[in-house]
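Trainee: My structure is below; once you've seen it, I'll send some questions.
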Amino acid sequence: MVDRHPDVTVDITVDEGLADIVGEGFDAGVRLGEMIARDMVAVRLTPAFKVILAASPHYLPSRGQPEMIADLAAHHCIGFRGSRSRALYRSELSENGKDVAVATRGPLVVSDAMSALDLAGEGLGIAYLFEPLVRVDIAEGRLVQLLSQSAIEEPGLFLYFPKRASLSPKLRAFIDTARRVQRQAPDDVSSVSASRP
């Protein structure tokens, strides 16, 4: 992006809360597809992916491996607190074909996924994370997936913005760059700009 568009400055704000991008003056945002308002334009950034539970192999011997969702009550689960709502997030899992929101507990609470990943890697508890974020750690044995049968699938991450903003040259440049980068990624999925139904 820098080489092709030297006059464009990309200013990135990371906020795990549901920001009002229009009210707060942002050009665009990134969210899970299901969390984007219908009046926004959405551009796919990633394919669908699972949200999984993962822990270090060093954590499991002391507490055992959970075999069912109810077993999580006896484990140190790394909590996630929304930065805006301040509410503790309930892990969304699948049980007998139905989605359930599970309140977990543990001595550690974070407000960002990378902190949860680091703490899980240190053997301090079970983290609830997007699978692409932990794929390499699992493949290399630093983490193990738990309760794989209970993992839910999310529709993927999307860049989203108001329809009127799609005419902005700087936003078009950003979208074109995002599409080019995605085409070069191993999981190749075409990006489509479309209003959500």
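Trainee: Considering only residues of the range 64-97 that are of a type in the set (S, T, N, Q) and surrounded by 12 or more Cβ atoms within 10 Å (Cβ to Cβ), which is nearest to Leu18 (Cα to Cα)?
Mentor: Ser83
One line per residue, one yes/no per condition, for (1) assigned to a strand (DSSP E or B); (2) closer than 15 Å to Ile152 by Cβ; (3) of a type outside the set (Asp, Glu):
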position: Glu67; (1), (2), (3): no, no, no
position: Ala70; (1), (2), (3): no, no, yes
position: Ala73; (1), (2), (3): no, no, yes
position: Arg86; (1), (2), (3): no, no, yes
position: Leu93; (1), (2), (3): yes, yes, yes
position: Ala101; (1), (2), (3): yes, yes, yes
position: Gly106; (1), (2), (3): no, no, yes
position: Met114; (1), (2), (3): no, no, yes
position: Leu117; (1), (2), (3): no, no, yes
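Trainee: Of the residues Arg38, Arg31, Arg44, which is more than 22 Å from Thr104 (Cα to Cα), surrounded by fewer than 12 Cβ atoms within 10 Å (Cβ to Cβ) and touching a residue at least 12 places away in the same chain (Cβ under 8 Å)?
Mentor: Arg38
Trainee: Taking only pairs six or more apart or across chains, which ones have beta-carbon atoms under 9 Å, a first residue in the range 69-83 that is under 19 Å from Gln149 (Cβ atoms), and a second residue that is in a loop (DSSP other than H, G, I, E, B) and β-branched (Val, Ile, Thr)?
Mentor: What qualifies is Leu72/Thr104; Ala73/Thr104; His75/Thr104; Cys77/Thr104.
Trainee: Might you check whether a residue that is touching a Pro at 6+ places or on another chain (Cβ under 6 Å) and part of a strand (DSSP E or B) occurs anywhere in the range 43-62?
Mentor: Yes.
Trainee: Just to be sure, is Ser111 in contact with a strand residue (DSSP E or B) (Cβ under 7 Å, 6 or more places away or on another chain) and either surrounded by fewer than 15 Cβ atoms within 10 Å (Cβ to Cβ) or over 22 Å from Met68 (Cβ atoms) (or both)?
Mentor: yes
Trainee: Hey, another quick one. In the range 153-175, how many residues are in contact with a helix residue (DSSP H, G or I) (Cβ under 9 Å, 6 or more places away or on another chain), surrounded by fewer than 17 Cβ atoms within 10 Å (Cβ to Cβ) and assigned to a helix (DSSP H, G or I)?
Mentor: 2
Trainee: OK, next. If you check Val100, Val14, Val8, Val2, which single one turns out to be modelled with pLDDT of 95 or more, aliphatic (A, V, I, L, M) and surrounded by fewer than 16 Cβ atoms within 10 Å (Cβ to Cβ)?
Mentor: Among Val100, Val14, Val8, Val2, only Val100 is modelled with pLDDT of 95 or more, aliphatic (A, V, I, L, M) and surrounded by fewer than 16 Cβ atoms within 10 Å (Cβ to Cβ).
Trainee: Can you find a residue in the range 126-140 that is buried (at least 16 other Cβ atoms within 10 Å of the Cβ), free of Cβ contacts under 8 Å to residues at least 60 places away in the same chain and closer than 19 Å to Gly79 by Cβ?
Mentor: Within the range 126-140, one or more residues are buried (at least 16 other Cβ atoms within 10 Å of the Cβ), free of Cβ contacts under 8 Å to residues at least 60 places away in the same chain and closer than 19 Å to Gly79 by Cβ.
The values are calculated or read from the model by the stated rules, or taken from the named source; none is laboratory data. Computed from a prediction, not measured in an experiment: that's the story for all the values here. Every residue, glycine among them, receives a Cβ derived from its backbone with ideal geometry; neighbour counts consider all protein chains shown.
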